[in-house]
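Participant: Below: one structure in structure tokens.
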Amino acid sequence: MVSPEDGTARPAVRSAEAARSGLPAGFLWGVSTSSYQIEGATKADGRGVSVWDTFSSEPGRIANGDTGEPACDHYHRYVEDIALMRDIGVGAYRFSVAWPRVLPAGRGAANEPGLAFYDRLVDGLLAAGIEPWLCLYHWDLPQALQDAGGWPNRDIVGWFADYADLIARRLGDRVKRFATFNEPSVFTLFGYSFGWHPPATHDLSAHYAAIHHVNLAHGAAVDVLRKSVPGASIGAIHNMQPSRPVGASAEDRAAAAVLDDFWNNAFPEPQILGSYPVSLQHGIAPHLRDGDLERICRTVDWMGINHYSPIYARADAGSPLGFAWADAPADVPRSPIGWQLDPAAFRDTLRSAHQRYRLPIYVTENGAGAEEAPDASGQVIDPERIDYLLRYTDAMKEAVALGADVRGYFVWSLLDNFEWGAGYANRFGLVFVDYATQRRIPKASARWYANLIRAETAGKSA
Ligand code: FCB
């Protein structure tokens, strides 16, 4: 891994093979998942309750009344899932730790069986030659901490640092890649202002406080990981996509600019460059104390970018935010679940993130959702997903050819899983999961990705 200081430099040495494929030597191909979306076993072995257990059990929150049970029962089937990854040939696996599984009340006494699960998972990955990429927070906050005020309570910075320390001490002898947060703008915007995720409030003041405390928690966790894990390579994972106005009016353009700040800028700007976007500063000010920006802006080694499709805003004078979430124009090309297809936007996002932040970039999520079932022969043939992955990896290669320092790509997701508000209906996996039997069926896209990895790492074009 490069040191933080040389983050602006492209790797100096590129093998002849890598030069042919257009990607740097050592380019990493992986898959991503998250704890609440795949683990299931929500009551097993002393796991505490998470905000997603609470939220998904409330009527009307999730499509079909789905919850995180059974998900993929990965807690019990991780050996089979590691074997699937090995068959695909991935070099890295990005997963998240369920905070309430290791600290049932969020703080205080640790839950040994929960920690032991992550020991087994990490050991199994290493034995299979797959590098573990551990994300500390993929949205499943312990309910006990939500009850104690959640992200708007500044005390959570210390709780998160203690949790990071527990994980660092337990797994840091074997895990070196750490992400602090996954998509902080999504769980803060959707959770505190839009009411679509827990805690399902419409409270802009709490939303600003949550943004600031997540940023402080990121900085505190970076410090803890640096101290406790020699050789740690640390980043945060940001969702980044163009924020576009739904109409041509000045009001809609202003709305898209504000959404851009909440969505794309509220976290990387203070974390990497040391200041908040101007449009957010008045809202953050009541929560800002002397020294906070230094506490947030700690040296990181890379940035993770999750990207799916552009997002849209329209002006909404009735909203405290001044904007409303909008749908893409009717005539744009779409994926099977209606998300806009625009690989050029991905290329441009990678280029602009490179130019602005000057850190090595890992694409930590990209993929396509669909509603799928096995065909009569029991296979799952998914040409739309293959087409999406082909076009988006090509767009990534274009960005690299234009100078973006992208060093890895993780497909979302290894397995079909619990897709938040959409429940189990939206499938993003390379591997189909029959939730009733827990049978796994690698889709055509899993074979396609295996071939791509083989071709890329052998230096031939895919
Ligand atoms: C991202 C989330 C991930 C998954 C994909 C489809 O926003 O990080 O958990 O739901 O979208």
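Participant: Give the residues of segment 190-200 that are more than 18 Å from the chain's Cα centre (by Cα), surrounded by 18 or more Cβ atoms within 10 Å (Cβ to Cβ) and assigned to a loop (DSSP other than H, G, I, E, B), sorted by residue number.
Facilitator: Scanning segment 190-200 gives a single hit, PRO199.
Participant: Mind checking which residues of segment 105-147 are within 24 Å of SER185 (Cβ to Cβ) and either at pLDDT below 95 or touching a helix residue (DSSP H, G or I) at 6+ places or on another chain (Cβ under 8 Å) (or both)?
Facilitator: Within segment 105-147, GLY106, LEU134, LEU136, TYR137, HIS138, TRP139, ASP140, LEU141, PRO142, GLN143, LEU145, GLN146 qualify.
Participant: Let me ask something else about it. For residues in segment 30-72 being assigned to a loop (DSSP other than H, G, I, E, B) and charged (D, E, K, R), which is most open to solvent (accessible area, probe 1.4 Å)?
Facilitator: It comes out as LYS43.
Participant: Among the residues of segment 81-113, write down those that are of a type in the set (Asp, Glu) and surrounded by 15 or more Cβ atoms within 10 Å (Cβ to Cβ).
Facilitator: ASP81
Participant: What are the residue pairs meeting all of these: first residue in segment 352-372, first residue of a type in the set (Asp, Glu), second residue surrounded by 18 or more Cβ atoms within 10 Å (Cβ to Cβ), Cβ atoms under 6 Å, and 6 or more apart or on different chains?
Facilitator: These pairs meet every condition: GLU365/SER32; GLU365/ASN306; GLU365/TRP412; GLU372/VAL380; GLU372/ARG427.
Participant: For segment 303-335, what are the residues that are touching a helix residue (DSSP H, G or I) at 6+ places or on another chain (Cβ under 8 Å) and within 18 Å of GLU365 (Cβ to Cβ)?
Facilitator: Residues satisfying the conditions are MET303, ILE305, HIS307, SER309, PRO310, ILE311, SER335.
Participant: Moving to a separate point now. So, of the residues in segment 189-217 that are within 16 Å of the ligand (Cβ to nearest atom) and in contact (Cβ under 8 Å) with a residue 60 or more places away in the chain, which turns out to be nearest to GLN271 (Cα to Cα)?
Facilitator: For segment 189-217, the residue satisfying everything is VAL214.
Participant: Considering only residues that are touching a Ser or Thr at 6+ places or on another chain (Cβ under 7 Å), within 16 Å of the ligand (Cβ to nearest atom) and assigned to a helix (DSSP H, G or I), which ones fall in segment 346-402?
Facilitator: Listed by number, the residues that qualify are GLU384, ARG385, TYR388, LEU389.
Participant: While we're looking at this one, here's another question. Only one residue in ASP73, ASP147, ASP87 is out of contact with any Pro (no Cβ under 9 Å at 6 or more places or on another chain) and under 29 Å from ARG439 (Cβ atoms), so which one is that?
Facilitator: The unique qualifying residue is ASP73.
Participant: Sticking with this one: Going by the conditions given, is ALA116 of a type in the set (A, V, I, L, M) and surrounded by 24 or more Cβ atoms within 10 Å (Cβ to Cβ)?
Facilitator: Judged against the criteria, ALA116 is not a match.
Participant: Return yes or no: is GLY429 within 16 Å of the ligand (Cβ to nearest atom) and open to solvent by 30 Å² or more (accessible area, probe 1.4 Å)?
Facilitator: No, not satisfied.
Participant: Residues in segment 395-426 that are open to solvent by less than 10 Å² (accessible area, probe 1.4 Å), in contact with a helix residue (DSSP H, G or I) (Cβ under 8 Å, 6 or more places away or on another chain) and among the acidic types (Asp, Glu): how many?
Facilitator: Selection size over segment 395-426: 1.
Participant: A further question follows. Considering segment 305-333 alone, what residues qualify as being within 27 Å of ALA395 (Cβ to Cβ), among the aromatic types (Phe, Trp, Tyr) and either over 22 Å from the mean Cα position of the chain (by Cα) or assigned to a strand (DSSP E or B) (or both)?
Facilitator: If the condition is that a residue be within 27 Å of ALA395 (Cβ to Cβ), among the aromatic types (Phe, Trp, Tyr) and either over 22 Å from the mean Cα position of the chain (by Cα) or assigned to a strand (DSSP E or B) (or both), then TYR312, TRP325 are the ones that fit.
Participant: Let me ask something additional. Quick one: in segment 433-462, which of the residues that are closer than 23 Å to TRP52 by Cβ and not charged (D, E, K, R) is nearest to the ligand (Cβ to nearest atom)?
Facilitator: Looking at the filtered set, the residue picked out is VAL433.
Participant: If a residue has to be open to solvent by 20 Å² or more (accessible area, probe 1.4 Å) and in contact with a strand residue (DSSP E or B) (Cβ under 7 Å, 6 or more places away or on another chain) to count, how many in segment 334-353 make the cut?
Facilitator: Within segment 334-353, residues that are open to solvent by 20 Å² or more (accessible area, probe 1.4 Å) and in contact with a strand residue (DSSP E or B) (Cβ under 7 Å, 6 or more places away or on another chain) number 4.
Participant: Oh, and also: Could you list, in sequence order, the residues of segment 142-155 that are touching a residue at least 60 places away in the same chain (Cβ under 8 Å) and surrounded by fewer than 24 Cβ atoms within 10 Å (Cβ to Cβ)?
Facilitator: GLN143, ALA144, GLN146, GLY150, PRO152, ASN153, ARG154 - these are the residues of segment 142-155 that are touching a residue at least 60 places away in the same chain (Cβ under 8 Å) and surrounded by fewer than 24 Cβ atoms within 10 Å (Cβ to Cβ).
Participant: Answer with yes or no whether PRO310 is farther than 27 Å from PHE95 by Cβ, in contact with a Lys or Arg (Cβ under 9 Å, 6 or more places away or on another chain) and within 16 Å of the ligand (Cβ to nearest atom).
Facilitator: Criteria met by PRO310.
Participant: How do the pairs read when you match residues in segment 416-431 that are at pLDDT 95 or above and among the hydrophobic types (A, V, I, L, M, F, W, C) with residues anywhere that are within 8 Å of the ligand (Cβ to nearest atom) and outside any loop (DSSP other than H, G, I, E, B), using Cβ under 8 Å and keeping only pairs 6 or more apart or on different chains?
Facilitator: The qualifying pairs are PHE418/GLN37; TRP420/GLN37; PHE428/TRP412.
Participant: With the condition kept exactly as written, say whether any residue in segment 238-248 is within 19 Å of GLY158 (Cα to Cα) and surrounded by 20 or more Cβ atoms within 10 Å (Cβ to Cβ).
Facilitator: no
Participant: Moving to a separate point now. For GLY378, only one of the following conditions fails: (1) on the phi < 0 side of the Ramachandran plot; (2) open to solvent by 20 Å² or more (accessible area, probe 1.4 Å). What is its number?
Facilitator: Checking GLY378 against (1) on the phi < 0 side of the Ramachandran plot; (2) open to solvent by 20 Å² or more (accessible area, probe 1.4 Å), the one that fails is (1).
Participant: Continuing with this model, one more query. Within segment 230-261, take every residue that is within 16 Å of the ligand (Cβ to nearest atom) and part of a loop (DSSP other than H, G, I, E, B) and give me the one that is nearest to HIS138 (Cα to Cα).
Facilitator: Restricting to residues being within 16 Å of the ligand (Cβ to nearest atom) and part of a loop (DSSP other than H, G, I, E, B), the top hit is MET240.
The values are calculated or read from the model by the stated rules, or taken from the named source; none is laboratory data. As the structure is a computational prediction, the values presented were derived from the model and not from experiment. Glycine gets a Cβ as well: all are built from the backbone with ideal geometry, and neighbour counts include every protein chain shown. Surface accessibility is based on the protein's heavy atoms, side chains included, excluding ligands, DNA and RNA. Shrake-Rupley method; radii C 1.70, N 1.55, O 1.52, S 1.80 Å.
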